[in-house]
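Engineer: Here it is, the structure, as C-alpha cells.
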Amino acid sequence: MSKIQDAFKNGKAFIPFITCGDPDLETTGKIVRAMADAGADLIELGIPFSDPTAEGPVIQGANIRALAGGVTTDKIFDFVKELRKDVAVPLVFMIYANVVFSYGIERFAAACAESGIDGLILPDVPFEEKEEFAPAFRQRGIDFISLIAPTSEQRIAEIAKDAEGFLYLVSSLGVTGERAEIRTDLETIVSSIRANTEIPVAIGFGISTPEQAAGMAKLADGVIVGSAIVRRIASQGRSAAGTVAEFTAEMKRAIR
C-alpha cells in the first residue's frame, strides 16, 4: 500500500488543493501546514502554468498571481523540501504536461522523489498516453494518478484496473470551479470503478460547501476541494492561513 492509499485508511479523506506561490511561497507554506494541522489527509499542490486549460477563473487567477510573483518549478521543488521537514501528510503535484516535458520527464521525476512528492496528476494527459510519463515516476515510488470523467463510460474498467494511489473522479464536465449543483450520475460511475479496483476514489470539481462534501463522501472515499480554498486565499492573501484552516476543519467534519 502506497503512502497515498494510507491517507484513506482512517475513513473518508479530505483533499484540499492550492496553487503554489499564490500569493507567495511563504504564505503557501503557512497554508499547507495549517491545512495539515486542521485535518487534511492529502494535499494537492498546483504548479502554476501560463495556460491551465482545466481550470476555471478562480484557479486561473491564482496561476497568474503566482507566475507574476516569480515562482518557478525549481523554487517549488526547494519549497517542498522545506515542507517535508515538518509536514508528514502525502503531497501530490497537479501540473500540466508541458511543464514536465520542458523540464524533462526523468529529471522532473527525480526532483519529485528528492523533494518528497508522493504522487502526480497530469489533467491534460489522456489515459492512453500515460505510459509516456508514468514509468519514470513509478520506478521512484511516485503514484501516477488517473482521472475518470463523466465521459469515460467505455473506459472506466480499463482506467480503474491500472490505477495507482487513488482515482480522481471528475464530478462535472467543464473546468474547475464552484457549482451550486452537481447532476452527474456519480453513483453509477463509482459502482463501475468499485467492480474493477480496490483503489480509493476521490471526487473533485465543483465541491465548495460542507453539504456538498458530505453528499460526495457518501459515494466515494475522499473529497477534493480547490476553487473554494483558492477563492479564500485570493480574498485574504498573506493572512489566509487561519480562514483556510477553519474551512478545512469544517469540511473534514462534514465528511466523517
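Each reported figure results from applying straightforward, stated rules to the coordinates on display, with no laboratory input. If you're wondering where the values come from, they're calculated on a predicted model, not measured in any experiment. Methodologically, a virtual Cβ is constructed for each residue, glycine included, from the backbone with ideal geometry; neighbour enumeration extends over all protein chains shown.
Engineer: Taking only DSSP H segments of four or more residues, each worth -39500 (n - 2.57), what value at 222 nm results for the chain once the sum is divided by all its residues, to the nearest 500 deg cm²/dmol?
Structural biologist: Rounded to the nearest 500, the figure is -12500 deg cm²/dmol.
Engineer: So if R0 is 30 Å, what FRET efficiency would Glu128 and Asp74 give, r being the distance between their Cβ atoms, rounded to the nearest 0.05?
Structural biologist: In this case the efficiency is close to 0.45.
Engineer: Using modelled backbone amide H atoms (1.01 Å from N, in-plane), which distant-in-sequence or interchain residues come within less than 5 Å of Ser2's amide H?
Structural biologist: Amide H neighbours of Ser2, under 5 Å, 5+ apart: none.
Engineer: Take segment 11-250, drop everything but the C-alpha atoms, weight them equally and run the Debye formula without solvent; then report log10 I(q)/I(0) at 0.18 Å⁻¹ to two decimals.
Structural biologist: -1.53
Engineer: In addition: How long is the gain from Lys161 to Glu106 if the chain were fully straight, where each residue apart is worth 0.36 nm and the alpha carbon distance is subtracted? Don't skip to the answer; put the middle values down first.
Structural biologist: Working: separation 55, 0.36 × 55 = 19.80 nm, distance 2.50 nm.
Computed gain between Lys161 and Glu106 is 17.3 nm.
Engineer: What is the dipole size for the chain, taken about its Cα centre, with +1 at each Lys and Arg Cβ and -1 at each Asp and Glu Cβ, in debye to the nearest 20?
Structural biologist: 660
Engineer: Can you compute the modelled spin-label distance between Thr188 and Gln139, with each label point 7 Å from Cα toward Cβ, in nm?
Structural biologist: Each label point is offset 7 Å from its Cα along the Cβ direction, giving 4.2 nm.
Engineer: Something else now. Using θ = phi - 60° and the Karplus relation 6.51 cos²θ - 1.76 cosθ + 1.60, list the HN-Hα couplings for segment 115-132 in order, rounded to whole Hz, with x at every Gly or Pro.
Structural biologist: 7, x, 7, 9, x, 9, 10, 10, x, 9, 9, x, 3, 5, 10, 5, 5, 5
Engineer: Taking a 21 Å limit on the Cα-Cα distance, which of the listed pairs Lys3/Lys252; Lys30/Lys81; Lys3/Lys75; Lys9/Lys252; Lys9/Lys218; Lys218/Lys252 fall beyond it?
Structural biologist: Details: Lys3/Lys252 19 Å; Lys30/Lys81 14 Å; Lys3/Lys75 24 Å; Lys9/Lys252 15 Å; Lys9/Lys218 16 Å; Lys218/Lys252 13 Å.
Long pairs (Cα-Cα over 21 Å): Lys3/Lys75.
Engineer: Explain nothing, just compute: Karplus ³J(HN,Hα) = 6.51 cos²θ - 1.76 cosθ + 1.60, θ = phi - 60°, for every residue of segment 7-24 in order, whole Hz, x for Gly and Pro.
Structural biologist: Once θ is set to phi - 60°, the couplings for segment 7-24 become 5, 9, 7, 10, x, 5, 9, 9, 10, x, 10, 9, 8, 5, x, 9, x, 7 Hz.
Engineer: Would you mind checking which residues have amide H under 5 Å from Leu42's amide H? H placed 1.01 Å from N; only 5 or more apart, or other chain.
Structural biologist: HN-HN under 5 Å from Leu42: Phe14.
Engineer: Then there is this: Using only the Cα atoms of segment 118-175, construct the convex hull and provide its projected area averaged over every direction, in square nanometres to one decimal. Provide the component values of the computation, followed by the final result.
Structural biologist: Working: hull surface 15.9 nm².
In nm², the orientation-averaged hull projection of segment 118-175 is 4.0.
Engineer: Once you charge only the Cβ atoms, +1 for Lys and Arg and -1 for Asp and Glu, what is the size of the charge dipole of segment 24-70 about its Cα centre, to the nearest 20 debye? Spell out each step's value before the answer.
Structural biologist: Values: 3 positive and 7 negative charges, 25 e Å.
My answer is approximately 120 debye.
Engineer: Can you list the residues of segment 55-89 with backbone N under 17 Å from a point 7 Å past the Cα of Asp6, pointing along Cα to Cβ?
Structural biologist: Residues 84-89 fall inside that zone.
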